[in-house]
Amino acid sequence: MEDEALRPRLWLLDAKDLCFENGITDRRLAEISQNHARYIDRTGEDPSSTTLEATGDGLSYHVIDGNRLAAFAPDVVEFYKTTLRQAIGRTMAMNIRAQAELRGALSLNRLDNASRYEQHVDESTFTAILYLSSFEIDSGGELVFDRTDSAPAVRITPMPYCLLVCAATDWPHKVTRLPVGKERLCLVMNYWAEGASQARPEGLDEYLYG
Ligand SMILES: [Fe+2]
């Protein structure tokens, strides 16, 4: 039986070997992002239903959604659906599902131009983030989880092939503003507990992917 006193909400895993074995490299994904990403700029627009900030600073980034990744890098989608899903499931000792609706199931995100990612909560049971860029500690570009009643504040500095898995449907988090001249690339993937409803809020995918 699960011990309610200690509830894991965040895991940090070394995914370098698994990525290399499956042809997932930072250079390759950076090239795919440079060639195929769409620029989304929500500055000044109404925030999405999962955003926890007032409009104004917004979200601006270069993104490739799951449908377009399937066209440009089908093996990356397959990695998400099978190899990585199984590896994460084994680590967490539970079966997890890939998201059936592909567009919002995973995305390749690139922040640049001293941008940031607005504070929000996630929809999926688990979010997995594969980092593909390197940052100095306390230099910006960190993922910051707020302190809540049940979880402490956590700051994660990106490092290539570090895989972060979090349960953050009620744990607000954001990416701090990047230093000028730096790019921040990561693959963001949604996983669901078996039997969980995979419903996405109306308009969320349009907000995130255009
Ligand atoms: Fe998130």
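Checked against the criterion of being in contact with a Phe, Trp or Tyr (Cβ under 6 Å, 6 or more places away or on another chain) and over 22 Å from Asp170 (Cα atoms), segment 98-107 has no qualifying residue. Put simply, of Ser115, Ser124 the only residue that is within 18 Å of Gln198 (Cα to Cα), out of contact with any His (no Cβ under 7 Å at 6 or more places or on another chain) and surrounded by 20 or more Cβ atoms within 10 Å (Cβ to Cβ) is Ser124. Here Ser115 fulfils each of the conditions (1) in a strand (DSSP E or B); (2) under 18 Å from Leu178 (Cα atoms); (3) touching a residue at least 60 places away in the same chain (Cβ under 8 Å) apart from (1).
Of everything listed in (1) within 26 Å of Ser33 (Cα to Cα); (2) in contact (Cβ under 8 Å) with a residue 12 or more places away in the chain, the single unmet condition for Glu206 is (2).
Since Pro172 meets every condition but one in (1) crowded, with 20+ Cβ neighbours inside 10 Å; (2) within 16 Å of the ligand (Cβ to nearest atom); (3) closer than 21 Å to Arg42 by Cα, which condition does it not meet? Exception for Pro172: condition (1). Here Arg110 does not qualify as closer than 18 Å to Ser33 by Cβ, of a type in the set (D, E, K, R) and either out of contact with any Leu (no Cβ under 8 Å at 6 or more places or on another chain) or assigned to a helix (DSSP H, G or I) (or both). The set of residues in segment 133-146 being more than 16 Å from the ligand (Cβ to nearest atom) and over 16 Å from the mean Cα position of the chain (by Cα) consists of Phe135, Glu136, Ile137, Asp138, Ser139, Gly140.
Here Leu130 does not qualify as more than 15 Å from the ligand (Cβ to nearest atom) and assigned to a strand (DSSP E or B).
No other residue among Asp149, Asp122 is within 12 Å of the ligand (Cβ to nearest atom), part of a loop (DSSP other than H, G, I, E, B) and either without any contact (Cβ under 8 Å) to a residue 12 or more places away in the chain or under 25 Å from Glu78 (Cα atoms) (or both) apart from Asp122.
None of the figures in this text is laboratory data; all of them are computed from the coordinates on show. What you see is a predicted model, and the numbers here were worked out from it, not measured in a lab. Please note: Cβ atoms are built from the backbone with ideal geometry, for glycine as well, and neighbour counts cover all protein chains shown.
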